[in-house]
Amino acid sequence: MNKSLIEKYEGRYKIRALINLIPHIGGALDLLLSEKGSKWREKRIELFLKQLDERLGQLEEKEIETEIINSEEFYDLMIQTLNSVIKTRHKEKIEFFSNILSNHIKKERKSEISSELMISILDSLTIDELHYFSELRQNDNDIILHNILQTKVIWNSYLKNIKKTGKVASNKNQLPQDSVFDFQMDIIWKMLSDKNLILIEEKNELGKLDYQYSNSSQSFSNQIDYNKIIKYKITDFGLEFLKWIEQ
């Protein structure tokens, strides 16, 4: 391993101990850092090792499966992870890679899905896909939208705006910004669906949504037309993937 990189971990006993336990990993790191772009590679590997060290620091010795670390399987996983880390400049992805690796060596981690597959899936995801996936996660793994005026609309937000302002849009440019779903690119949702991380349900139907609002003198009620309902939901595999990258 590059001497300057080792020296940066003089006080990081967890990560130094881990690296020392993995057979031949130093030579593999030397090779990775000797290729073109080593400046950026070292920066990314350094960030990965720092985050991995922090994760390991949260574990007690009894929680770590030492036999796994000494195995050929873990050596392969470490090399696979490092090769993925050096290919991304995004800190979020690098943190997720460190989470997968630390989860792999925890004794209580039991899963039918391999760590190698999780690394491969994360490696294949663009940062845009991760942001879309994160948006779905932040909405309790389930988003329901209505296509109104050729725009994906969050109906509850739109209804709240109508009740507050009494304004109903006649074209998509008049829709309140907070009711327009920001993640509009269908290609990204399709890519997540192809990786079996989400389910997409689209129902083409003509329907009407009721609204009502009042001012100081009278009440108004009417309906708004929609022509499609779109539902996004995280799959069981997607939920398992989240456990590997987030916890």
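Rg of the Cα atoms in the stretch 110-177, relative to 2.2 N^0.38 Å, amounts to 1.66. Length available on full extension from residue 239 to residue 168: 0.36 nm per residue minus the Cα-Cα distance, which gives 21.8 nm. Rounded to the nearest 20 debye, the dipole magnitude of the stretch 100-247 is 520 debye, with +1 charges on Lys and Arg beta carbons, -1 on Asp and Glu beta carbons, and the Cα centre as origin.
At full extension, residue 208 and residue 231 could sit 6.6 nm farther apart than now, given 0.36 nm per residue minus the alpha carbon distance. Of all lysines in the structure, the ones whose alpha carbon falls short of 20 Å from that of residue 106, not counting any fewer than 8 places away in one chain, are 14, 50, 62, 243. Based on the alpha-carbon gyration tensor of the stretch 113-247 and its eigenvalue square roots a ≥ b ≥ c, which shape applies: rounded if a/c is under 1.5, prolate if not and a/b is larger than b/c, or oblate? In terms of gyration-tensor shape, prolate. The aspartates and glutamates within cross-link reach of residue 208, meaning a Cα-to-Cα straight distance under 18 Å and a gap of 8 or more places when in the same chain, are 225. Here's the picture: charge each Lys and Arg Cβ at +1 and each Asp and Glu Cβ at -1 in the stretch 87-230, and of 174, 117, 199 the one pushed furthest to the positive end of that dipole is 174.
Computed from the coordinates by the stated procedures, all read-outs in this text should not be read as laboratory data. On a predicted model such as this, the values are computed, not experimentally measured, just so you know. Counting neighbours? That spans all protein chains shown, and the Cβs are built from the backbone with ideal geometry, glycine included.
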